[in-house]
Amino acid sequence: MKQLTLILISMLLFISACAPVAQVAPVPVIEAATGTPSPIPTVVFTAMSMKTVTTVPSRTMTPAPTDTPTITPTLDPIRSTPPTLMLHRPNLQFDSLFFLKQFVNILKYNEMKVVTYRYIYEHPEITATEKGKLFIITIDDIFLAYPIDFRVIEMIRILRDAGYPAVLGVVTETEYADPKTAAFLKGLSDSGWEIATHTDNHRNLGKAEEASSRLVFNEVSISMDKIEKVTGIRPITLILPEGQMVNNVKAIQQMNIYWIVGISDGVTYDSRDKIIYVGREGPYKNAGETYKILKMRFGF
Ligand SMILES: [Zn+2]
């Protein structure tokens, strides 16, 4: 909240800085940034007062239940995909670590509940009952055979500190799994994070399918085997390399994949389907702009 206020103040300052020169007043010094912090009001609850105020509600106060039959609300099977952010490790063009710090503040401010695809699979009703409150964060291109980029570790730490789980798109590649990476992923998986397959060799599955359907099977199912070996949980989510979808979705379903995650479209889905395609959105300019775009695209 405080940070947002500061952002707002700096935005206002920026706007005023863009005004014609003649109108620009001297920039006021903001005391809040450098001054001593205002004292935090302390509220003291004593054990004594807690005890004395506790009142046990009398049972007789409760109105007797009527004979009205309980109406089970029927949930619309057509659901909105929770807005989903697609992240990669920071690079020279984009500092996703800095971006994520800002983005987490926005999610907190808007009281969004961050979930995973697996969580929705296990609690399918929530996309109806908690529509507009859910959010998914994915980080792609984590390679099982190599140490995880330290900036990605930092991104993961930020999410953990915020109490948010995320979905990690893991590329398995070789028979070898880096022991540290494997242990780290297992720990995350145990604490409710989702380890999704991002295929064995980060292969464009649309192109692979043109060559041979066997190639698609190998890319997905071998990768699932390797992830299961490390985490003890067989993935149910496939993150498509380059967002490229296949034609034969049934073949993917037969591998017991439930979520196919791409980039374009996929803002709604039919919860009765056996396999579901969902889309995502990458970062745009800054956290605030990206949140706005996600809001427009996923309509929450
Ligand atoms: Zn990728």
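Which residue, of E154, E130, is at pLDDT 95 or above, out of contact with any strand residue (DSSP E or B) (no Cβ under 8 Å at 6 or more places or on another chain) and either of a type in the set (V, I, T) or surrounded by fewer than 20 Cβ atoms within 10 Å (Cβ to Cβ) (or both)? If you could, list the steps in order and put the result at the bottom.
Working: E130 fails: out of contact with any strand residue (DSSP E or B) (no Cβ under 8 Å at 6 or more places or on another chain).
Answer to the check: E154.
Determine whether D225 is more than 16 Å from the ligand (Cβ to nearest atom), more than 26 Å from M112 (Cα to Cα) and in contact with a Phe, Trp or Tyr (Cβ under 6 Å, 6 or more places away or on another chain).
So D225 does not fit the description; no.
Against the conditions (1) of a type in the set (S, T, N, Q); (2) over 24 Å from the mean Cα position of the chain (by Cα); (3) not in a loop (DSSP other than H, G, I, E, B), where does S223 fall short? Just the number, please.
The one condition S223 does not meet is (2).
So which residues in segment 243-253 are touching a helix residue (DSSP H, G or I) at 6+ places or on another chain (Cβ under 7 Å) and more than 16 Å from the ligand (Cβ to nearest atom), if there are any at all? Working first, answer last.
Of segment 243-253, the ones touching a helix residue (DSSP H, G or I) at 6+ places or on another chain (Cβ under 7 Å) are 244-248, 251-252.
Across segment 243-253, the qualifying residues are N247, N248, A251, I252.
Let's see how each residue does on (1) among the polar types (S, T, N, Q); (2) over 17 Å from D190 (Cα atoms); (3) outside any loop (DSSP other than H, G, I, E, B):
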| residue | (1), (2), (3) |
| --- | --- |
| L97 | no, yes, yes |
| E111 | no, yes, no |
| I148 | no, yes, no |
| E154 | no, yes, yes |
| V170 | no, no, yes |
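Are any residues in segment 137-154 free of Cβ contacts under 8 Å to residues at least 40 places away in the same chain and not β-branched (V, I, T), and if so, which ones?
F143, A145, Y146, P147, F150 - these are the residues of segment 137-154 that are free of Cβ contacts under 8 Å to residues at least 40 places away in the same chain and not β-branched (V, I, T).
Of the conditions (1) farther than 20 Å from V115 by Cα; (2) in contact (Cβ under 8 Å) with a residue 40 or more places away in the chain, Y291 satisfies every one except a single condition; which number is it?
Going through (1) farther than 20 Å from V115 by Cα; (2) in contact (Cβ under 8 Å) with a residue 40 or more places away in the chain one by one, Y291 breaks only (1).
Of a type in the set (A, V, I, L, M), more than 16 Å from the ligand (Cβ to nearest atom), without any contact (Cβ under 8 Å) to a residue 40 or more places away in the chain and closer than 30 Å to S271 by Cα: which single residue out of L107, L134, L188 fits that description?
Answer to the selection: L188.
Residue check, A183 against (1) within 16 Å of the ligand (Cβ to nearest atom); (2) farther than 19 Å from G282 by Cα; (3) over 20 Å from the mean Cα position of the chain (by Cα); (4) of a type outside the set (K, R), all met but one. Which one?
(1)
Being in a loop (DSSP other than H, G, I, E, B) and farther than 30 Å from G163 by Cβ is the requirement here; does R214 meet it?
It is false that R214 is in a loop (DSSP other than H, G, I, E, B) and farther than 30 Å from G163 by Cβ.
So which residues in segment 231-242 are of a type outside the set (D, E, K, R), away from the ligand (no atom under 14 Å from the Cβ) and either surrounded by fewer than 21 Cβ atoms within 10 Å (Cβ to Cβ) or in a strand (DSSP E or B) (or both), if there are any at all?
T231, G232, I233, I236
The values are calculated or read from the model by the stated rules, or taken from the named source; none is laboratory data. Fair warning: this is a prediction, and the values are worked out from it, not measured in the lab. Note that we place each Cβ from the backbone using ideal geometry, even for glycine, and neighbour counts take in every protein chain shown.
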